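Notes follow the structure.
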Protein chains: 6
Amino acid sequence: MYTVSIRDHFMIAHSFNGEAFGPAQRLHGATYVVDLEFRRAELDADGVVVDIGRAADVLRAVLAALNYRNLDEEAEFKGRNTTTEFLARVVFDRIAEAIGRDELGPGARTVESMRVTLHESHVAAASFEGRVSAAP
Amino acid sequence: MYTVSIRDHFMIAHSFNGEAFGPAQRLHGATYVVDLEFRRAELDADGVVVDIGRAADVLRAVLAALNYRNLDEEAEFKGRNTTTEFLARVVFDRIAEAIGRDELGPGARTVESMRVTLHESHVAAASFEGRVSAAP
Amino acid sequence: MYTVSIRDHFMIAHSFNGEAFGPAQRLHGATYVVDLEFRRAELDADGVVVDIGRAADVLRAVLAALNYRNLDEEAEFKGRNTTTEFLARVVFDRIAEAIGRDELGPGARTVESMRVTLHESHVAAASFEGRVSAAP
Amino acid sequence: MYTVSIRDHFMIAHSFNGEAFGPAQRLHGATYVVDLEFRRAELDADGVVVDIGRAADVLRAVLAALNYRNLDEEAEFKGRNTTTEFLARVVFDRIAEAIGRDELGPGARTVESMRVTLHESHVAAASFEGRVSAAP
Amino acid sequence: MYTVSIRDHFMIAHSFNGEAFGPAQRLHGATYVVDLEFRRAELDADGVVVDIGRAADVLRAVLAALNYRNLDEEAEFKGRNTTTEFLARVVFDRIAEAIGRDELGPGARTVESMRVTLHESHVAAASFEGRVSAAP
Amino acid sequence: MYTVSIRDHFMIAHSFNGEAFGPAQRLHGATYVVDLEFRRAELDADGVVVDIGRAADVLRAVLAALNYRNLDEEAEFKGRNTTTEFLARVVFDRIAEAIGRDELGPGARTVESMRVTLHESHVAAASFEGRVSAAP
């Protein structure tokens, strides 16, 4: 199994609901350093898992839609705790959708699985991984 | 699959038995930077894999029982080489036991698997991963 | 010259005023991973620059006063852009004040200079360094 | 499952064929920081996954055969794009062959799988992982 | 003294002249991860050392002129060993020239000094630091 | 000013005297990841600060004399706390002596200053820096 991984980041404000979050119930924020991994059993004709340049562009576009925002005010996250785990899934789903729209090139449709890791500090991270089924 | 990961460290002295260890047969020591990962298929009602604050407390407590010690003199490790691999398993088992005692909260009982990685330098690490069956 | 360095972090929300900040004029946030360095020409009788345990406690306390907050609503930062550079200075000044109050022990009064670095992502950081004159 | 991981690096020149590579079609180069992971269900009698000293020697020898070279002029890579993914596989295969020749010791024949990761920068990496069947 | 630091990278091929370089006399290559630091005694009216967005754009442009190239064939480096130290100076000079052309904004003319660090692997780096006198 | 930096590590056991050290008064140990920096105003005829290969060999030899040892039993450290700060100075002095013996080549005699940093974990480090006067 081959994996290719690229890194980027985004910076947001948010707050959490639930006593378990303690002081993180207050409005605060985070930098998320994002590692996006694509996995495939075989390389394509060029000898790559995905076109890493296109992948980096798509990741940047997906993160730009979250970057420099207060997630508490984003309609799509209404009533949800935008935890690191939750946001890893959000990024995963949006990259999977971009693959479905052929934004990473038709070859990316044969990517089997992905893993999205969000590092929130030097001591904590969360990730979501799963299969990619590009066909709708 | 969701993963949450936290980092901490401990510092110990020990020596190894066996010619393969060369100069590491002498009493020496190590800093182990520990990455503890929890994995679960679904998030809980708060939107998390585990309560990261409680997890960090439990990890700190588990490492405190090893920290600043000469492992050669710990009864429980008598006759064992406390290699990085071996210690990764020790930390894994103790975290699993803490989950079984509900020290990470009852929700942590649905954690499916864990991975414990011990970085012993900038060029070497070892880990143990496995399923967690919290019920005794 | 001897240096001792410790690392911790804090997570805040804020926004910036000024066209140069582009989308960072919106309410967003950041994780700051903080490196605090103490410098001294000679070691003390224990062979250290500062008591690293007390230093870590003081750094944690200083960061706790900023952590999990929306800096736009903190009275002391009214009308200021809480940039990474600016916050590095804030942390520096508060550590210097703690030294002045002997919170790091009387030995810390002979610390000559400090450097505070705030890493805001894997690609950007800012720091403030200067002499420490503990006497008021 | 236990894993042991070691790190080393090599530095090469190469160029790529295919419009998708853009400016990387020109002769350029890369430093690859290599993480080599060995996985095994049980530890051996010494309490290790592999003899880490021998493993480091074998990795160094494998990388030395690539290091400080223009891969465009290596006969074995004729007509291939020596992408990061491709080179991860090359290193994997050569380590597997060394295991087959017992260069890591007879115990290493029970290594079940390996993962080779090549970091080409602070923002990009590729890896190949698979089972090791040491018997020819 | 305030410092702001940004990170980017470039990938080149080259070879060295001189027996001291051993196998590095062959054509090979490197990834250089670049840290560019700007230093100033006081912050500007916006509360920053430099406009970090413009600084990142200028660094990217400076590195793009080196990226994906065989430095042995660049006329300006004829007869020079393009060592990591040497290239750190090249990047320093080109950023200083960009400041002189006001490409980082007129405020950047008050930057007092810079440091450029090139990391060539996980175990080696080189840097050049010096005063910036933007006036020609 | 040019700087070249190389990284290596060593692993030791030791204990500290003094109540301030708390549990670190017990016999324990540490991995020290070492960054050794050489500084010089001008490059030599080869375009380097020092011969990095020879520097790496000398650093390895200096660390080998400390590696895999219980520092409490080394005669030269009798009655001293082998703190991270103290050990940074020990490494500094031994490298300076090696320069004086021309082990890094005669060119290294023009190195002006050095900095030795010992990272003891992901959150703590200490360093010693000073001028190098190679002449005895």
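FYI, it's all coordinate maths here, none of it is from the lab. Here the structure is a predicted model, which means the values were calculated and not measured. Note: ideal-geometry Cβ built from the backbone for every residue, glycine included; neighbour counts use all protein chains shown.
Remarks
- Here's how it looks for D:Asp51: its modeled amide H is under 5 Å from none belonging to a residue 5 or more places away or on a different chain.
- Helical contribution to [θ] at 222 nm, DSSP H n ≥ 4, -39,500 (n - 2.57), averaged over the protein assembly as shown, rounded to 500: -7000 deg cm²/dmol
- Neighbour-count ranking [beta-carbon atoms within 10 angstrom, fewest first] of E:Ser15, E:Ser133: E:Ser133, E:Ser15
- Ascending distances from the B:Gly100 label point to its copies in the other chains, with the point 7 Å along the Cα-to-beta-carbon line: 4.3, 4.3, 5.5, 6.0, 7.1 nm.
- Working note: Karplus 6.51/-1.76/1.60 with θ = phi - 60° gives the stretch C:78-88 the couplings 3, x, 10, 7, 7, 5, 4, 4, 4, 5, 4 Hz, where Gly and Pro are set to x.
- Axis proximity, chain E to D: residue whose C-beta lies nearest, plus whole-Å distance: E:Gly29, 1
- Dipole size of the stretch E:41-80 about its Cα centre, with +1 on Lys/Arg Cβ and -1 on Asp/Glu Cβ: approximately 240 debye, rounded to the nearest 20.
- Rounded if a/c under 1.5, otherwise prolate or oblate - the protein assembly as shown, Cα gyration tensor axes: rounded
- Ascending distances from the D:Met1 label point to its copies in the other chains, with the point 7 Å along the Cα-to-beta-carbon line: 0.7, 0.7, 4.9, 4.9, 5.0 nm.
- The magnitude of the dipole of the protein assembly as shown, with charges of +1 and -1 set on the Cβ of Lys/Arg and Asp/Glu and taken from the Cα centre, is near 0 debye.
- In order along the stretch A:33-50, the Karplus-derived 3J(HN,Hα) couplings, from 6.51 cos²θ - 1.76 cosθ + 1.60 at θ = phi - 60°, round to 8, 9, 10, 10, 10, 10, 10, 8, 6, 10, 7, 7, 4, 7, x, 10, 7, 9 Hz, and Gly and Pro are given as x.
- Close amide H pairs (under 5 Å, H built 1.01 Å from N) link A:Ser113 with A:Arg39, A:Val132, residues at least 5 positions away or on another chain.
- Inter-part distance, the stretch E:9-63 to the stretch B:61-79, computed on C-alpha centroids, equals 45 Å.
- Shortest first, F:Arg26 label-point distances to identical copies amount to 2.4, 3.6, 5.1, 5.1, 5.9 nm, with the label point at 7 Å from Cα along Cα→Cβ.
- The stretch F:19-28 - phi-based ³J(HN,Hα) in whole Hz, Karplus 6.51/-1.76/1.60, Gly and Pro as x: 4, 4, 7, x, x, 6, 6, 6, 5, 9
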